[in-house]
Amino acid sequence: MHEPHQGTTVAQTCLVPKNPARIDEDFIPGGTYDMGTGGRYPEEVLRKGVTVKGFWIDRTEVTNAAFAAFVKATNYVTLAEKIPNAEEFPDMPDDQRVAGGAVFTPPDHVADSDDITQWWHFVPGASWRHPTGPNSSIEGHDNDPVVQIAYADALAYAKWAGRDLPSEAEWEWAARSGSEAGMWDDPQAPPNLKRSNTWQGHFPTQNAKQDGFLGLAPVGCFLPDSHGVYDMIGNAWEWTSDVYHESQDQSSKAHVIKGGSFLCASNYCARYRPAARQAGSDDLSTSHIGFRTIRRSDS
């Protein structure tokens, strides 16, 4: 899942949870802010005077170990592990009706940078247990963020844990560390000052791995914010509870994902900022989307 350098370029020693099956939390005081400030893309709509109440948020993205504890307790089966239902997907050919998820595979060269099918492929057998396909495994990666998680999977975990998924406004307020800060991290910062796992080099063909990781990093490998929260930017995209109304795809629902991932680069998808947002299709899991949960102070 990740490939650290053997040298000294890794940002810092990664956080090792005391109890891998449980996610610690930190409190985010409430406040009012202008959501979407510092926007770079059209979908980053400015919303002035957004108020959020205080809440508790997971210090890290939900890990493989934590999600495994949920599955063990409930026998839950994720979307990627299910064969698509013919009633829900009547136009899907029978030979494509297989369980799996979307996986990023770096191409040798790119003919058209707008054609994401050059690096994204649906892989039968990909799931949270096998994030990049049936020949991959999470063994030895308990502290990596769990991925290949669809929206319904993230919500099911949150409810089981007595928590919820953050709204987009709550997520962005937490990522801003309770301030109006715009760019939360400089992707060109030296490794010891980086706060996020992003792509260094020319996406999608060249990754210099200057932060020490080719793909996902274990949670808590980079500097936390002022509240002690890790990886709000980079590593894995994170689900929020807000429906993505601007989605052009009317065939399926989409929810807002935030934070960017290890695939965000300065030349492509520069969404390693609190204001950045994107649509995550509810009926597809991928190798770069995970989640974290919150507990509201009045719940």
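The values are calculated or read from the model by the stated rules, or taken from the named source; none is laboratory data. Fair warning: this is a prediction, and the values are worked out from it, not measured in the lab. Backbone-built Cβ (ideal geometry, glycine too); neighbour counts: all protein chains shown.
A few remarks follow.
- Residue in segment 111-121 that is under 20 Å from the mean Cα position of the chain (by Cα) and under 30 Å from ASP225 (Cα atoms) present: no
- Residue pairs meeting the criteria (Cβ under 6 Å; at least 6 apart or on separate chains; first at positive phi, in segment 205-220; second part of a loop (DSSP other than H, G, I, E, B) and at pLDDT 90 or above): GLY220/THR60; GLY220/TYR230
Each row is one residue, and each column tells you yes or no for (1) out of contact with any Gly (no Cβ under 8 Å at 6 or more places or on another chain); (2) over 17 Å from TRP239 (Cα atoms).
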residue: TRP120; (1), (2): yes, yes
residue: ALA126; (1), (2): no, yes
residue: SER136; (1), (2): yes, yes
residue: GLU139; (1), (2): yes, yes
residue: PRO145; (1), (2): no, no
residue: ASP153; (1), (2): yes, no
residue: PRO166; (1), (2): yes, no
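- Residue match in segment 276-288 (condition: hydroxyl-bearing (Ser, Thr, Tyr), in contact with a His (Cβ under 7 Å, 6 or more places away or on another chain) and assigned to a loop (DSSP other than H, G, I, E, B)): no
- Whenever a residue of segment 122-142 is under 19 Å from VAL71 (Cα atoms) and in contact (Cβ under 8 Å) with a residue 60 or more places away in the chain, its partners that are part of a loop (DSSP other than H, G, I, E, B) and among the basic types (Lys, Arg), lying with C-beta atoms within less than 7 angstrom and at least six residues away or across chains, give the pairs ILE138/ARG129.
- Tally, over segment 185-243, of residues that are in a strand (DSSP E or B), surrounded by fewer than 21 Cβ atoms within 10 Å (Cβ to Cβ) and either at pLDDT below 90 or not polar (S, T, N, Q) (or both): 2
- Between ASP108, ASP91, the distinction of being touching a residue at least 24 places away in the same chain (Cβ under 8 Å), outside any strand (DSSP E or B), more than 27 Å from GLU168 (Cβ to Cβ) and of a type in the set (D, E, K, R) belongs to ASP108 only.
- Selected residue [in contact with a Leu (Cβ under 7 Å, 6 or more places away or on another chain), of a type outside the set (S, T, N, Q) and modelled with pLDDT of 90 or more] from ALA73, ALA99, ALA158, ALA66: ALA158
- Residues in segment 116-155 that are assigned to a helix (DSSP H, G or I), of a type outside the set (Gly, Ala, Ser) and at pLDDT 95 or above were compared, and the one that is surrounded by the fewest Cβ atoms within 10 Å (Cβ to Cβ) is LEU155.
- On inspection, VAL98 passes the criterion of being farther than 26 Å from PHE222 by Cα, assigned to a loop (DSSP other than H, G, I, E, B) and β-branched (Val, Ile, Thr).
- Any hit, segment 52-70, residues being farther than 18 Å from ALA154 by Cβ and surrounded by fewer than 10 Cβ atoms within 10 Å (Cβ to Cβ): no
- When ALA99, ALA158 are checked against the criterion of being more than 24 Å from LEU15 (Cα to Cα), touching a residue at least 24 places away in the same chain (Cβ under 8 Å) and under 22 Å from the mean Cα position of the chain (by Cα), ALA99 stands alone in meeting it.
- Given (1) crowded, with 17+ Cβ neighbours inside 10 Å; (2) within 21 Å of GLY215 (Cβ to Cβ), number of the condition SER113 does not satisfy: (1)
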